[in-house]
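Since every read-out is calculated from the coordinates, none of them should be taken as a lab result. Everything numeric here is computed off the predicted structure, so don't read it as measured data. As a convention, Cβ positions derive from the backbone with ideal geometry for all residues, glycine included, and neighbour counts pool all protein chains shown.
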Amino acid sequence: MPPLALFSVAAFAPLPLLALGVGAGGAWAFVAFAYMTVFALLLDQLPAFAAAPEGREFPGADALLVVLALGHLAGLPLAVWAVAGPSGLGIAARMALFAGFGLFFGQVANPVAHELIHRGNRRLFRLGRLIYMTLLFGHHTSAHRLVHHRHAASRDDPNTARVGEGYYRFALRAWVGSFRKGLAAENALRRTGAKGVHPYAIYAGGAALSLAAGWLIAGFAGALVWAGLAAHAQSQLLLSDYVQHYGLMRQAGPDGRPEPVGDRHSWNAPQWFSSAMMLNAPRHSDHHAHPARPYPKLRLPGADAAPRLPYSLPVTCVVALIPPLWRRVMHPHLALWRNR
């Protein structure tokens, strides 16, 4: 299957399944959830597709991002109505849809927004920002580009987890820290002449409008479910940050500054299907080396050049939810790279 077709099928398939879950209820809601969990895990065991040849162009890559972004913008209010509104669904179907839509927003919509905010095209950038605002996480648009990419794998990056730091402690520190440091970075740009409405005012307005939309759909329950879905997606984004940089720190040079970010400062995962569904987000080292490189072109460094997770990114994120198990699984792998 051509690479772009693989991304299209893997990433888009949850949407019609979730829509069927809303319309038909029952089994379809569970099928959508199973697609992004059990089915993805099983397909990841098959041999991986070869990487796209270096230099190959993908003219439809951005079009797929736009389609998935529009699917997110339609899917979020639909999910709120199905879970909190008068959809006529039973409690089990509503719970399955909450879990399924939440996984889609975290594992597909988040990588879509991430790709879009790295595009030079202003309209695409704003579309990615809009996705994050609907997830009540607009500040990530600033913090990721202006803070994380500059300070990754150093103590100045709130989204780099320290050795021994559990996910739950990290999540609170990263959320608050990225908000503050993103705000400081935007304020610094304002002092050097940046014009227009302050991005953080846009983020706050977008979050307020999103919760108001939830209220209009299903009252207080609608606003609560919208916030719950956003928290579900945010937790997956923070889990990805936690896992993909855990314990990997840059060494200080003679001048006291950290060495340049390299392949060895991010954890990667080679599993093909979950990577396709997440738009190659697990090829994290190459993204840091080439932030503007479109997702179909991202390369997977060799196992001797960059750290690899013991399991696929989604599975390793589940392990991270249990701190004692996480340390037992990850610390032997981490020691191999910290001692180099």
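Below is a table of values for the structure above.
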quantity: Lone unmet requirement of (1) under 21 Å from GLU115 (Cβ atoms); (2) over 16 Å from the mean Cα position of the chain (by Cα) for PHE179; calculated: (1)
quantity: Unique match (being on the phi < 0 side of the Ramachandran plot and touching a Phe, Trp or Tyr at 6+ places or on another chain (Cβ under 9 Å)) among ASP241, ASP263, ASP286; calculated: ASP241
quantity: Residue in the range 121-138 that is nearest to the chain's Cα centre (by Cα), counting only those that are surrounded by fewer than 24 Cβ atoms within 10 Å (Cβ to Cβ) and in a loop (DSSP other than H, G, I, E, B); calculated: LEU136
quantity: Output for the range 100-120, where each listed residue is part of a helix (DSSP H, G or I) and either in contact with a Ser or Thr (Cβ under 6 Å, 6 or more places away or on another chain) or more than 22 Å from VAL9 (Cβ to Cβ) (or both); calculated: ILE117
quantity: Options ALA207, ALA174: the member that is crowded, with 22+ Cβ neighbours inside 10 Å and within 20 Å of GLN236 (Cβ to Cβ); calculated: ALA174
quantity: Those residues of the range 141-150 which are touching a residue at least 12 places away in the same chain (Cβ under 8 Å) and over 18 Å from ALA204 (Cβ atoms), in sequence order; calculated: ARG145, VAL147, HIS148, HIS149
quantity: Per-region count, the range 187-200, residues surrounded by 12 or more Cβ atoms within 10 Å (Cβ to Cβ) and either within 22 Å of the chain's Cα centre (by Cα) or among the small types (Gly, Ala, Ser) (or both); calculated: 3
quantity: Looking only at the range 294-337, and only at residues there that are touching a residue at least 24 places away in the same chain (Cβ under 8 Å) and among the basic types (Lys, Arg), the one that is surrounded by the fewest Cβ atoms within 10 Å (Cβ to Cβ); calculated: ARG327
quantity: Of the criteria (1) part of a helix (DSSP H, G or I); (2) closer than 14 Å to LEU334 by Cα; (3) acidic (Asp, Glu), which one ASP304 fails; calculated: (1)
